[in-house]
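Following: one structure in C-alpha cells, then a few remarks.
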Amino acid sequence: MKLRIGYGIDLHRLEIGIPLFIGGVKIESEIGAVGHSDADVLLHAICDALLGAANLRDIGYHFSDTDPKFKGIDSKILLAEVYKLIAAKGYHVVNLDSTIVMERPKLNPYIPDMQSVIAEILNLDVDAVSIKATTHEQVDSFGEGKAVKAYATCLLNK
Ligand code: MG
C-alpha cells in the first residue's frame, strides 16, 4: 500500500451576468466566475489536489488557459482527464475534503448534488467526498463578493 496526500487551491474573480458553476453544478446566482474554462473553482482545486498527490504537476500544466481547445470547457471533463492521469500511475482516490469560500449565494443546498457529481467522476462513494462552504465574514475581496476560492485535500492509494 502506498498512500499519497495532496492539496489544491483555486480562485476566480466574480462578475455580474455570467453563469456560476461550482462542483459541477449550476448555481442560481446573479454573479458568476470568470475564467478560460467554465471557471469551476471547486473542481479546479480538486484537480490540483489529485495531481499534487500523484506528483503530476498542476492543472495549468495539463490544460493551458491560453489553449483555445479548453475555452469554455466543462470542468467535469478536466476532472475526468485528471482521474485518468492518476489512474495511469496506478493510484485510486481514498477520500477528499474541500472548502469553498464564497460570501453569497449560500451554497449549502447544492452540496449533495456536488458530492454526487464528483463521486461519480472519481468512482467514489459519496461518503468519501466532503464539501464544506464558508463565507469570508465580509472581509477583503472574497467577503465583498468579488471573488470565490476553494481548497481541497485528497488521499490517494496504490
Ligand atoms: Mg481555476
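The values are calculated or read from the model by the stated rules, or taken from the named source; none is laboratory data. These numbers were taken from a predicted model, which means no experiment stands behind them. All Cβ positions, even for glycine, are placed from backbone atoms using ideal geometry, and neighbour counts span all protein chains on display.
Is it the case, given these coordinates, that Asp74 is within 16 Å of the ligand (Cβ to nearest atom), among the charged types (D, E, K, R) and at pLDDT below 95? Working first, answer last.
Working: within 16 Å of the ligand (Cβ to nearest atom): yes; among the charged types (D, E, K, R): yes; at pLDDT below 95: no.
In short, no.
Look through Ser130, Ser64, Ser141, Ser116 and report the one residue that is more than 14 Å from Val41 (Cα to Cα) and either of a type in the set (D, E, K, R) or loosely packed, with under 13 Cβ neighbours inside 10 Å (or both).
That would be Ser64, the only listed residue that is more than 14 Å from Val41 (Cα to Cα) and either of a type in the set (D, E, K, R) or loosely packed, with under 13 Cβ neighbours inside 10 Å (or both).
Does Gly24 meet the test of being on the phi > 0 side of the Ramachandran plot, within 14 Å of the ligand (Cβ to nearest atom) and exposed (fewer than 15 other Cβ atoms within 10 Å of the Cβ)? If you could, list the steps in order and put the result at the bottom.
Details: on the phi > 0 side of the Ramachandran plot: yes; within 14 Å of the ligand (Cβ to nearest atom): yes; exposed (fewer than 15 other Cβ atoms within 10 Å of the Cβ): no.
Criteria not met by Gly24.
What residue, among those in segment 29-57 that are more than 10 Å from the ligand (Cβ to nearest atom) and within 11 Å of Asp10 (Cα to Cα), is surrounded by the fewest Cβ atoms within 10 Å (Cβ to Cβ)?
That would be Ala49.
Out of everything in segment 86-111 that is exposed (fewer than 15 other Cβ atoms within 10 Å of the Cβ) and among the charged types (D, E, K, R), what residue ends up being modelled with the highest pLDDT?
Result: Lys89.
Condition (residue is surrounded by 15 or more Cβ atoms within 10 Å (Cβ to Cβ) and either more than 16 Å from the ligand (Cβ to nearest atom) or in a helix (DSSP H, G or I) (or both)) applied to segment 10-20: is it met by at least one residue?
Scanning segment 10-20 turns up no residue that is surrounded by 15 or more Cβ atoms within 10 Å (Cβ to Cβ) and either more than 16 Å from the ligand (Cβ to nearest atom) or in a helix (DSSP H, G or I) (or both).
Take the conditions of a type in the set (A, V, I, L, M, F, W, C) and within 14 Å of the ligand (Cβ to nearest atom) and apply them to Leu3. Does it pass?
Judged against the criteria, Leu3 is not a match.
Is at least one residue of segment 67-85 in contact with a His (Cβ under 9 Å, 6 or more places away or on another chain), surrounded by 19 or more Cβ atoms within 10 Å (Cβ to Cβ), of a type in the set (Val, Ile, Thr) and within 24 Å of Glu144 (Cβ to Cβ)?
Checked against the condition, which is being in contact with a His (Cβ under 9 Å, 6 or more places away or on another chain), surrounded by 19 or more Cβ atoms within 10 Å (Cβ to Cβ), of a type in the set (Val, Ile, Thr) and within 24 Å of Glu144 (Cβ to Cβ), segment 67-85 yields no hits at all.
Limited to segment 29-41, what total is found for residues that are in a loop (DSSP other than H, G, I, E, B), farther than 20 Å from Asp97 by Cα and either of a type in the set (Val, Ile, Thr) or out of contact with any Pro (no Cβ under 7 Å at 6 or more places or on another chain) (or both)? Outline the logic, then answer.
Residues of segment 29-41 that are in a loop (DSSP other than H, G, I, E, B), as a first pass: 29-30, 34-40.
Remaining after also requiring farther than 20 Å from Asp97 by Cα: 29-30, 34-38.
Those left that are additionally either of a type in the set (Val, Ile, Thr) or out of contact with any Pro (no Cβ under 7 Å at 6 or more places or on another chain) (or both): 30, 34-38.
Of the residues in segment 29-41, 6 are in a loop (DSSP other than H, G, I, E, B), farther than 20 Å from Asp97 by Cα and either of a type in the set (Val, Ile, Thr) or out of contact with any Pro (no Cβ under 7 Å at 6 or more places or on another chain) (or both).
Would you mind listing the helices (runs of 4 or more DSSP H) fully within segment 42-158 where at least 2 residues are touching a residue at least 24 places away in the same chain (Cβ under 8 Å)?
Numbers: elements: 59-62, 75-88, 111-121, 140-143.
Filter on segment 42-158 gives 75-88, 111-121, 140-143.
Quick test of your reading of the structure: Glu120 fulfils all but one of (1) modelled with pLDDT of 95 or more; (2) acidic (Asp, Glu); (3) touching an Asp or Glu at 6+ places or on another chain (Cβ under 8 Å). Name the failing condition by number.
(3)
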